[in-house]
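Taking it in order: structure first as structure tokens, then the write-up.
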Amino acid sequence: MSFLSRLLHRTFSTSPSKSPPQPNTMESLSTALYKERNLRTLVDKFKSSSDNPRFRTKTGIYDSTVRRLASAKKFRWVKEILEHQKQYHHDISKEGFTARLISLYGKSGMFEQAHKVFDEMPDLKCDRTVKSFNALLGACVNSKKFHKVDMLFRELQEKLGVKPDVISYNTVIKAFCAMGLFDSALSIVDEMEKKGVEPDLITFNTLLDGFYWKGQFVDGEKIWRKMEKSNVLPDIRSYNAKLVGLVSEKKMIEAVELVGELGSKGVEPDAQSYNALIRGYCKDGNLEEVKRWYGEWEKYDCGPDRATFATLIPFLCEKDELDWAFELCKGVITRRRLVDGAVLQVVIDALVKESKIEEAKKLAEMGKSNSYTRYKVKVPSQD
């Protein structure tokens, strides 16, 4: 073929040009599932997508889908998509995959189903080690079956010959703290140390949360000292628990000093840190300090959250700071943050009481149109 013939062939060839790069299929699929509003359709699409082995590795898609269904109380559909996974024999025989199903059932509050999957593992040709053992304990806690955790912990150790690890012990400690059985929680710490398992940061944070949040400040301080002796460095969760304890004891000066010291400890305060201080000053009725610490937030990346507004807005109404409360509510809705309708209702009622009907109506309408508002709001009739 001559040069001219080859040139004409390339110029007029009907062969398709190279296709442009295709978007990440899994990313597109994940986005499509996230955007699907019809939950029945979501279930069908999820089951169909599960045929793709790559899809079955995407834990985030599983978590978000199950969470949405459970939040909508569509528990039979949670069961439908999770039971559907058992047909994938190559994956279901792997403990990590099956442990994920157990955990997902637990996060949905479906402990009986989680336990059923655990019991079925031998028939599914899947080994049961401390990984699935921990998944079942976690499912028990997430399902709020706290009273069953210790019994399960003891029985399965003996039945399976499983040696508990730090995650196992931490889960039992969490269950005891949730029930307020702090002596039992501390006995688990003693037991794990005797078995050669060192308590970690999660161990201590679980105990600190339990003691400080329950108003047992002295015992919380003992745990703090034990953590220091164990050379476990506290993180922001540790410090926030301590802040809660200080605030509950009305030790506001010490609480403020602690927040001021965080930077030098390599830890940055977060929303919970400031919430603790604002909650304390609200209880003290100290409007000036509330204003000051709310203003401090502007210097940091973290911002107020739903807990902040739930504490702050009713307090402002009590202090006749209605204009500020009104502006805060508008800002929350405009920025599409989650807010309880009950909080908005406090401001609406106060506006009506002050004969500010137009402002009350405006706030009510904004609240109704905001999909991030939990619970309905209304404008009461003026007496």
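Some notes on this structure:
- Normalising the Debye intensity of segment 100-233 to I(0), with uniform scatterers on Cα atoms only, and taking log10 at q = 0.17, 0.20 Å⁻¹ returns -0.89, -1.14.
- Nearest-0.05 FRET efficiency for Asp183 and Lys229, computed from C-beta distance (R0 22 Å): 0.65
- Largest-first ellipsoid semi-axes for segment 229-282, taking √(5λ) over the Cα gyration tensor eigenvalues, angstrom: 19, 12, 10
- In a fully extended conformation the segment linking His90 and Thr334 would gain 83.0 nm over its present Cα-Cα distance, using 0.36 nm per residue.
- Identified option (computed P(r) over Cα pairs in 10 Å bins from 0, in percent; candidates (i) 4, 17, 20, 23, 20, 9, 4, 3, 1, 0; (ii) 5, 24, 36, 26, 8, 0; (iii) 5, 23, 32, 27, 11, 2, 0): (i)
- Remark: segment 267-283, residue by residue, has Karplus-estimated 3J(HN,Hα) of 10, 9, x, 10, 4, 5, 4, 5, 4, 4, 5, 5, 4, x, 6, 5, 5 Hz, where x stands for each Gly or Pro and the curve is 6.51 cos²θ - 1.76 cosθ + 1.60 at θ = phi - 60°.
- Shown here are the Rg and Dmax of the Cα trace of segment 260-318, at 11.5, 38 Å.
- Principal axis extents of the C-alpha atoms in segment 64-159 (largest first, rounded to whole Å): 37, 34, 16.
- The chain, relative contact order [Cα under 8 Å, separation at least 6], %: 6
- In range of the label at Arg37: residues from segment 56-90 whose backbone nitrogen is under 18 Å from the point 7 Å along Cα→Cβ: 68-69, 72
- Spin-label pair Ser48-Glu261: with each label point 7 Å from Cα along the Cα-Cβ axis, the two points sit 6.0 nm from one another.
- Sorted largest first, extent of segment 193-283 alpha carbons per principal axis (Å): 46, 27, 18
- Sequence-distant residues sharing a close amide H with Asp340 (under 5 Å, placed H): Arg374
- Calculated FRET efficiency for the pair Glu221/Asp123, C-beta based, R₀ 51 Å, to 0.05: 0.50
- Each 5 Å bin from zero holds the following percent of Cα-Cα pairs in segment 37-100: 3, 17, 32, 27, 14, 5, 1.
- Distance between the 7 Å Cα→Cβ label points at Lys148 and Ser355: 6.1 nm.
Rule-based calculations on the coordinates, nothing more; no lab input. Source: prediction; values computed, not measured. Neighbour counts run over all protein chains shown; Cβ positions are idealised from the backbone, glycine included.
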